[in-house]
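In what follows, a single structure is set out as structure tokens and then discussed.
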Amino acid sequence: LYIHRFADKLGLPTKRAHHLVVNTALRLVASMKRDWMQTGRRPSGVCGAALFVAAQMHGNINVTKKDVVSIVHVGEGTLNRRLTEFEQTPSWDMTMDEFETRALEYEEEQRKLLLEEPQAPSTSGGLSSAAAAMATA
């Protein structure tokens, strides 16, 4: 995604602030993706909304909508629509702790899915049985 590149241009006050905003924004984008919010949307608008919300979530990081739209190159109306859409998702009503906990749980679920060994193909019929029969014929 463009999160890292856009965050670099935001001019966040410290490396820690940069790290917090980037990580939260990445988790917000993942949440938006799970809620199908990014479908049919330009990535820059989704990233802009995630960066703006992430900066607001961390309190004393001063990032305005005007800052975000000038960096991600979308109109303020587009940013406002992405924010309105995000307000309608379950993540919007979560506290910061609830959001972080859910994001970590989801990341762990994804890691487990990636680590699972693929299932061996079934030989109880279908194309693989037909191919095996042809090979022995």
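The values are calculated or read from the model by the stated rules, or taken from the named source; none is laboratory data. Values in this document were obtained by computation on a predicted structure and should not be read as measured data. Every residue, glycine among them, receives a Cβ derived from its backbone with ideal geometry; neighbour counts consider all protein chains shown. Accessible surface is based on the protein model in full, side chains and every heavy atom, while ligands, DNA and RNA are left aside. Shrake-Rupley method; radii C 1.70, N 1.55, O 1.52, S 1.80 Å.
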Item to complete: Round to the nearest 0.05 the FRET efficiency obtained for H19 and D97 when R0 = 25 Å and r is the Cβ-Cβ distance.
Response: 0.85
Worksheet item: Cα to Cα, under 24 Å, and not fewer than 8 places away if on the same chain: which lysines meet these conditions relative to K66?
Response: K9, K15
Worksheet, complete the sentence: Ordering K33, K15 by the accessible surface of their heavy atoms, 1.4 Å probe, largest first, yields K15, K33
Worksheet, complete the sentence: Rounded to one decimal in nm, the spacing of the 7 Å Cα→Cβ label points at Y106 and R81 is 2.3
